[in-house]
Structure formats: C-alpha cells, structure tokens
1. When the residues of segment 97-120 are filtered to those that are modelled with pLDDT of 80 or more and among the β-branched types (Val, Ile, Thr), which remaining residue is nearest to residue 167 (Cα to Cα)?
2. Output yes when any residue across segment 213-223 is closer than 28 Å to residue 260 by Cα, assigned to a helix (DSSP H, G or I) and in contact (Cβ under 8 Å) with a residue 24 or more places away in the chain, and no when none is.
3. So which helices (runs of 4 or more DSSP H) stay within segment 47-114 end to end and still have 3 or more residues that are within 23 Å of residue 227 (Cα to Cα)?
4. Let me confirm something: among 237, 260, 200, which residue is β-branched (Val, Ile, Thr), surrounded by 17 or more Cβ atoms within 10 Å (Cβ to Cβ) and out of contact with any strand residue (DSSP E or B) (no Cβ under 9 Å at 6 or more places or on another chain)?
5. Which condition number in (1) closer than 24 Å to residue 60 by Cα; (2) in contact (Cβ under 8 Å) with a residue 24 or more places away in the chain is the one that residue 85 fails?
6. Taking residue 230 and the conditions (1) more than 30 Å from residue 297 (Cα to Cα); (2) surrounded by 15 or more Cβ atoms within 10 Å (Cβ to Cβ), which numbered condition does it fall short on, given that it satisfies the others?
7. What's the number of the condition residue 154 fails, among (1) within 27 Å of residue 79 (Cα to Cα); (2) assigned to a helix (DSSP H, G or I); (3) not hydroxyl-bearing (Ser, Thr, Tyr)?
8. Might you check whether a residue that is within 21 Å of residue 80 (Cβ to Cβ), buried (at least 16 other Cβ atoms within 10 Å of the Cβ) and at pLDDT below 90 occurs anywhere in segment 127-134?
Amino acid sequence: MPFLARELTTFVIVLQEYCMKEPNLKWIYLIILSIIWGSSFILIKKSLLGLTPYQLGALRTIISGVILLTLGFNKLKVIAKHKWKWLFLSGLCGSFIPAFFFAIAETEIDSAVVSVLNSLVPLNTILLGFAVFRISSTLRQITGVAIGFIGTAILILKGADLNPNQNYLYAGFVIASTLMYAANVNIIKRYLQDVKPLAIAAGNYFFIVIPAFIILLFTDFFTPERLHHPDLISSIIYVVILSVFGTALAKLFFYKLVQISTPVFASSVTYIMPIVALAWGILDGEAFSLMQGLASLLILVGVYLSHKRKT
C-alpha cells in the first residue's frame with residue numbers, strides 16, 4: 001500500500017506540472033474526472049455481485065482512507081483548528097454517506113440510470129450555494145444548468161421506459177446524495193479554499209475510516225458463507241479499483257478543480273459522467289436509444305454554458 005501511495009503521489013504531481021502549463025487547466029481536470037467517475041457506476045454494479053451495499057460502502061471507505069491518509073497524514077498538522085468542523089462535514093456529505101447510498105440504489109436501478117440521476121448535483125449546487133452559502137452564479141451558468149437538467153430529465157424518463165420493472169423509489173438515495181455532494185462543493189469553496197486538496201481528502205477520511213470499519217464488522221463479511229462466495233474475490237478487486245481511482249485519486253482532482261474554478265463548473269462533471277456510464281452500460285448489455293443520445297448532446301451543451309469565463 002505505501003508503494004501504491006507513492007506512485008499515486010508521483011502521478012498527481014506530474015499531471016499537475018503538465019496541467020499548469022496549459023491555459024485550460026480546469027477543462028483537463030473536468031475530462032479526467034468525468035472518465036474516472038463515469039466508470040465508477042459500473043464498478044459499483046460489479047462489486048455488488050459478491051458484496052452487500054453496506055460491505056461495499058464500508059470497504060470503499062476503508063481502502064480509500066488508508067491510501068489518502070498514507071499520502072496526506074503529515075498534511076493534517078498544518079490545518080487550522082477552526083477548519084476541522086468543515087472537514088468533518090465535508091467527509092460526511094462528500095464521501096461517507098454517499099458511498100453507502102449509491103450502493104443501495106444500484107441494487108434496484110441500473111448503473112447508467114444512477115449516473116444520470118447524479119447529474120442533479122449542479123442544480124443543487126446553485127440552489128444551496130445561493131440559499132445557504134451566498135455564492136452567486138451568473139445567468140450563463142444558470143442557463144447551462146437548466147439545459148443540462150432538461151437533458152438529464154429526458155435520460156431519466158427514457159431509462160424508466162426501457163426498465164419498467166425497476167424500483168425507482170430507490171432513486172431517493174441518489175437524490176439525497178446529490179444534495180450532500182452539492183453541500184460539500186460549497187463547503188470546500190467557501191470554508192476550505194486555502195487548504196491543500198490532499199489535506200482536505202486526508203482530513204475527510206480521518207473522521208470516517210473507523211465508523212466504516214465498525215459498520216463492516218456488523219455485516220456478514222467475515223462469516224464463512226461470505227468468504228466462500230463465488231464472486232467475492234472479483235467483487236473485492238472491483239472495489240479496490242473503485243477506491244483507488246474512483247475515490248482516492250478522483251477526490252484529489254475534484255478538490256483541486258473546485259479551488260481553481262467555481263462550484264457550479266466543478267459539479268458539471270456530473271453532466272459528462274452519464275455519457276461515460278452509458279457507454280459502459282452498452283458494453284454490459286444495457287439498452288441505449290437515439291433519444292438518449294440526443295439528451296447526451298444537451299448535457300454537453302449545458303457543461304459548456306455553465307463554464308464561467310473570466311472578464
């Protein structure tokens with residue numbers, strides 16, 4: 001694990017040095033995050049073949065926490081005391097609860113549909129940013145989010161038509177997660193702007209690793225029945241990939257993206273993610289229609305318009 005942590009650190013440093021030479025740094029981060037997080041939903045789906053939602057969420061949190069705390073434990077001592085309450089809330093809203101909620105949702109809803117529902121984050125970011133955190137957004141951003149939301153709605157409706165036997169009440173877990181993600185984005189932008197991304201990530205998991213381990217102990221993960229499950233090994237491999245790339249590495253990129261752009265632009269990563277997730281869904285045998293393709297184009301237009309250009 002220390003070797004993996006060193007390799008991830010080297011990769012992040014090299015990528016940041018390259019990106020700093022580019023004028024469109026925020027777009028580079030956005031594309032990378034879209035690919036990584038867009039692939040996370042199919043990884044959750046595959047992980048559930050041998051794990052329960054609570055085991056998946058706990059293992060994902062534990063593995064990610066070990067990596068991030070190995071990378072950034074020394075960064076914790078430089079964090080001001082008054083920042084710790086915001087790190088706790090950020091970890092709770094941005095990592096801990098959603099890790100379980102998304103796993104629970106995918107027990108009933110296809111991974112591609114869950115990724116589409118996740119696109120509510122930018123809309124919630126604007127609403128919470130304005131109502132709670134007093135962060136303003138431009139008319140251009142609001143228009144972009146609205147167009148992206150229309151595309152998202154089309155994808156959701158079409159997904160419901162193609163999958164009439166799925167229980168869409170479980171969509172509530174995803175919607176609740178989008179509200180928490182939106183709160184997390186605004187917390188980082190307003191209260192943790194001057195904290196290094198690695199310190200934020202390590203501080204988040206400093207609070208949530210032990211609760212995740214306690215939850216894992218109360219599942220049947222360590223019972224003979226679970227340990228002899230035919231899909232357990234492959235599911236754990238998927239969780240490790242999800243934790244290393246979809247959580248640990250991606251969070252470092254995301255926190256950096258929030259700091260160098262706006263909360264709305266950073267949360268616009270959820271507009272491109274469904275396109276990546278739908279591509280994985282096709283490879284996994286899920287249906288995809290022409291209307292969903294047109295909706296995806298609307299989502300891309302929304303991403304472009306939500307980008308706030310400097311004057």
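The values are calculated or read from the model by the stated rules, or taken from the named source; none is laboratory data. Predicted model only: the values in this text are computed from it and were never measured. Counting neighbours? That spans all protein chains shown, and the Cβs are built from the backbone with ideal geometry, glycine included.
1. The selected residue is 109.
2. No, segment 213-223 contains no residue that is closer than 28 Å to residue 260 by Cα, assigned to a helix (DSSP H, G or I) and in contact (Cβ under 8 Å) with a residue 24 or more places away in the chain.
3. Answer list for segment 47-114: 53-72, 97-105.
4. Only one candidate qualifies: 200.
5. Tallying (1) closer than 24 Å to residue 60 by Cα; (2) in contact (Cβ under 8 Å) with a residue 24 or more places away in the chain, residue 85 fails exactly one: (2).
6. For residue 230, the failing item is (2).
7. For residue 154, the exception is condition (1).
8. Taking segment 127-134 first, the residues within 21 Å of residue 80 (Cβ to Cβ) are 133.
Subsequent filtering for residues that are buried (at least 16 other Cβ atoms within 10 Å of the Cβ) retains 133.
Remaining after also requiring at pLDDT below 90: 133.
Yes, segment 127-134 contains a residue that is within 21 Å of residue 80 (Cβ to Cβ), buried (at least 16 other Cβ atoms within 10 Å of the Cβ) and at pLDDT below 90.
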